[in-house]
Amino acid sequence: MSTAPHESHARGRTDVPLIEQTIGDFFDDMAARQPDALALVSRHEGVRLTYRQLHADASRLASALLRAGLAPGERIGIWSHNNVAWVLMQIATAKAGLVLVNINPAYRTAEVEYALNKVGCKALVTMPRFKTSEYLAMLRELGAAKLPDLKAVWWIDRPEDADEAAFDIPLSRFSELLATGDAADPRVAEVQKTLEATDPINIQFTSGTTGFPKGATLTHRNILNNGFFIGECMGLTPVDRLCIPVPMYHCFGMVLGNLACLTHGSAIVYPNDGFDALLTLEAVQGERCTALHGVPTMFIAELDHPRFAEFDLTSLRTGIMAGTSCPIEVMRRVVERMHMTEITIAYGMTETSPVSCQSSTSTPLEKRVTTVGTVQPHLEIKIVDPETGRTVPRGERGEFCTRGYSVMHGYWGDEARTREAIDDEGWMHTGDLATMDAEGYVNIVGRIKDMVIRGGENVYPREIEEFLYRHPGVQDVQVVGVPDQRFGEELCAWIIAKPGQQLTEDEVRAFCKGQIAHYKVPKYIRFVDAFPMTVTGKIQKFRIREQMVEDLGLVADKTA
């Protein structure tokens, strides 16, 4: 790693070349190299697949999607928690040249309507339901009139499932779709030959400060290389088995999880469709997993589970903790009690595929538990003064910027916001405040804007504010994050009601239910007459936060 000696600037090593293949071509080669190696275990579905079997099923699905009339470059959504269908879609769409659109399973009607229409999804693969989320019922409620581009919906079924009631968008079973494909369909190979590594292949929505999510568009080259170098930091090999309880719809699951494994011939292990601490512990022991991923809240739930001591976790050595700031004491407990002596920390954002910095298995423990590591290979990072753009000296706080192969293709259909995020020299401006020490280790110390990270989910207060403004009784609203022992942060809304209106907390929550994801609903709601302001009329959100911390007796977040 080369660095400017006194400035907060660093370049990653380049001794291992970038992969210039598409995901489909790379996976074909891996499956041919080790066809009988274990590729995938989905414990809740009772499925075990070798690389040969996973390759055959993914090729069959790619064939089926093309035979269904989808053409390379078109968008197809996946609205589901973790399962075999998800990883098949990830590989098959890459082989068929289709752009996979990740839809957050927590989305409700307004959010899924916006996401599908924003990128013009032609088709959607979805779970029929999960817990209280009725995905098909939401799609039925929206219908063809509100989803004009959507021409087909396939629901992920099990053999024992009864047929779902149809609606005005063609609906059929995922198993029936898969059955229409041919693993040896020559058209799949023909399409693969036309694809380039720089083609967009994945869209992931990030909550937008404008009130609407932005579709970060990523290429084969973006996520395949990021997955590879993440796996390199973990020292993955074909003997490793990685337990992935984090969600696929997020980069953590599909890149740090699936692609880190598939680029190293390792095995993917899904303990369940959604996170369950006990099932995760059972999966690690039952499959002798060598690696485990999670956000801090997941590791805490595992460590604090009343049956934790019953499990033999001695097979573990590595994994990644990411998604939000990682408490030092939690890291130490994971190393000591879960035997993860080679655990790493990763930092990044969806727009950078996602990882820019990561510690490795050889990083000194003190650096691993107190920093987010150093710059990833083939990337360049710098920390700049947000006002002047000048690179700050080592040790000084500034905005974290990165450039290189990992920077997204752009925000789908939004050139203006793409230009706001990526400057003329190709630097992605993250909005995160960071410092870099003399050895190049980076520490994330806060956020320039007021993004809230609740249990690993990025939430932008402006999006919640825009939604709450729709309530007929709301005159003005400000949303901030306040410290929370369990989730890191929770949302708090200060609301000024319209004259003559008597609003209650329950009314506000009822307005949110079923319209926005549960993690976006404010935990704390206060009705006020005014907001703290500067003399020039600018609202002081930090004063709102300070007042709530004091009123509720919360422990202040040291990184804010």
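Quick look at the numbers
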item: Single condition Thr50 does not satisfy, out of (1) farther than 30 Å from Arg288 by Cβ; (2) open to solvent by 10 Å² or more (accessible area, probe 1.4 Å); (3) among the polar types (S, T, N, Q); (4) in contact with a strand residue (DSSP E or B) (Cβ under 7 Å, 6 or more places away or on another chain); result: (1)
item: Matching option when the condition is surrounded by fewer than 16 Cβ atoms within 10 Å (Cβ to Cβ) and either out of contact with any Leu (no Cβ under 9 Å at 6 or more places or on another chain) or not aromatic (Phe, Trp, Tyr) (or both), among Ile328, Ile345, Ile381; result: Ile328
item: Residue within region 137-159 that is under 21 Å from Phe275 (Cα atoms), open to solvent by less than 50 Å² (accessible area, probe 1.4 Å) and not β-branched (Val, Ile, Thr) present; result: yes
item: Lone unmet requirement of (1) assigned to a strand (DSSP E or B); (2) open to solvent by 10 Å² or more (accessible area, probe 1.4 Å); (3) touching a Phe, Trp or Tyr at 6+ places or on another chain (Cβ under 8 Å) for Thr435; result: (3)
item: Boolean, Phe174 is open to solvent by 30 Å² or more (accessible area, probe 1.4 Å) and of a type in the set (A, V, I, L, M, F, W, C); result: no
item: Selection count, region 83-115, where residues are of a type outside the set (A, V, I, L, M, F, W, C), over 21 Å from Tyr519 (Cα atoms), touching a strand residue (DSSP E or B) at 6+ places or on another chain (Cβ under 9 Å) and crowded, with 24+ Cβ neighbours inside 10 Å; result: 3
item: Some residue of region 441-459 being open to solvent by 70 Å² or more (accessible area, probe 1.4 Å) and in contact (Cβ under 8 Å) with a residue 60 or more places away in the chain; result: yes
item: Set Ala267, Ala283, Ala301: member being over 18 Å from the mean Cα position of the chain (by Cα), of a type in the set (A, V, I, L, M, F, W, C) and surrounded by fewer than 23 Cβ atoms within 10 Å (Cβ to Cβ); result: Ala301
item: Every pair of residues 6+ apart whose Cβ atoms lie under 6 Å, when the first sits in region 371-384 and is more than 8 Å from Val442 (Cβ to Cβ) and touching a residue at least 40 places away in the same chain (Cβ under 8 Å) while the second is part of a loop (DSSP other than H, G, I, E, B) and of a type in the set (Phe, Trp, Tyr); result: His378/Tyr405
item: Enumerated strands (runs of 3 or more DSSP E) restricted to region 1-73, each holding at least 3 residues that are at pLDDT 95 or above and either within 26 Å of Gly286 (Cβ to Cβ) or polar (S, T, N, Q) (or both); result: 38-42, 47-50
item: Flag if Ile495 is crowded, with 17+ Cβ neighbours inside 10 Å, in contact (Cβ under 8 Å) with a residue 12 or more places away in the chain and within 23 Å of the chain's Cα centre (by Cα); result: no
item: Checking Met89 against (1) assigned to a strand (DSSP E or B); (2) within 22 Å of the chain's Cα centre (by Cα), the condition it does not meet; result: (1)
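The values are calculated or read from the model by the stated rules, or taken from the named source; none is laboratory data. Model, not experiment: these values are computed from the prediction. Note that we place each Cβ from the backbone using ideal geometry, even for glycine, and neighbour counts take in every protein chain shown. Accessible surface is based on the protein model in full, side chains and every heavy atom, while ligands, DNA and RNA are left aside. Shrake-Rupley method; radii C 1.70, N 1.55, O 1.52, S 1.80 Å.
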